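Have a look at the structure below before the remarks.
The values are calculated or read from the model by the stated rules, or taken from the named source; none is laboratory data. Keep in mind it's a predicted model, so treat the numbers as computed, not measured. Please note: Cβ atoms are built from the backbone with ideal geometry, for glycine as well, and neighbour counts cover all protein chains shown. To get the accessible areas, we keep the full protein, side chains included, count just its heavy atoms, and leave off ligands, DNA and RNA. Shrake-Rupley method; radii C 1.70, N 1.55, O 1.52, S 1.80 Å.
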Amino acid sequence: MTNTDAMQKQIHQGRNVKRFREMLGIKQEALAIELGDDWNQQKISLLEQKETIDNGLLKQVSAALKIPAEAIENFDEEQAVNIISNTFNSHDNASGMNVYPTFNINPIEKWLEAIEENKKLYERLLHAEREKNELLQKMLQEKK
């Protein structure tokens, strides 16, 4: 895109109001209530269809949405999508590390490791029981 294309491309402020309102989870009726008595859902709908909004009204809307007016004036959805797409579709981040770590876990190997650990525990338990039996037998022989 050339500079002349960028200058000709106008940001649709009404659509931006709608985007921010939706991102914030605010319904048209709620925004109308925030803007005052002479506002209603239909008037908000018409506002969201306007390509440009006069500065006074833009400041009122931005105050109601609790966002800077510049955000509504300058937000370009296409650029935001490009940034997100370029950021999250890449498998490498700026540090060169893999963003999506891969874990190579073989469940059969884990299962076999658990079985081996159980065997070792049973062997130790068996060894302790044998020692206890030997001790008891010695004690019995001494009493006789």
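For this structure, a couple of remarks:
- Pairs from 110/132; 27/59; 27/66 whose Cα-Cα separation, in the structure shown, is over 25 Å: 110/132
- Computed extension length for residue 132-residue 42: 23.8 nm, one decimal, from 0.36 nm per residue of separation with the Cα-Cα distance subtracted.
- For the range 12-43, backbone nitrogen atoms closer than 18 Å to the point 7 Å from residue 87 Cα along Cα-to-C-beta are found at 20, 23-24.
- Solvent accessible area, Å² - residue 126, 1.4 Å probe, full protein context: 90 Å²
- In order along the range 107-123, phi translates into HN-Hα couplings of x, 5, 4, 4, 5, 5, 4, 5, 5, 4, 5, 4, 4, 4, 5, 5, 5 Hz, rounded to whole numbers, per the Karplus curve 6.51 cos²θ - 1.76 cosθ + 1.60 with θ = phi - 60° and x for Gly and Pro.
- Local net charge near residue 121, Cβ-Cβ under 14 Å (Lys/Arg +1, Asp/Glu -1): -2
- Counting only protein heavy atoms and using a 1.4 Å probe, the accessible area of residue 29 comes to about 100 Å².
- Check: the range 14-66 dipole with +1 on Lys, Arg Cβ and -1 on Asp, Glu Cβ, in debye: 240 debye
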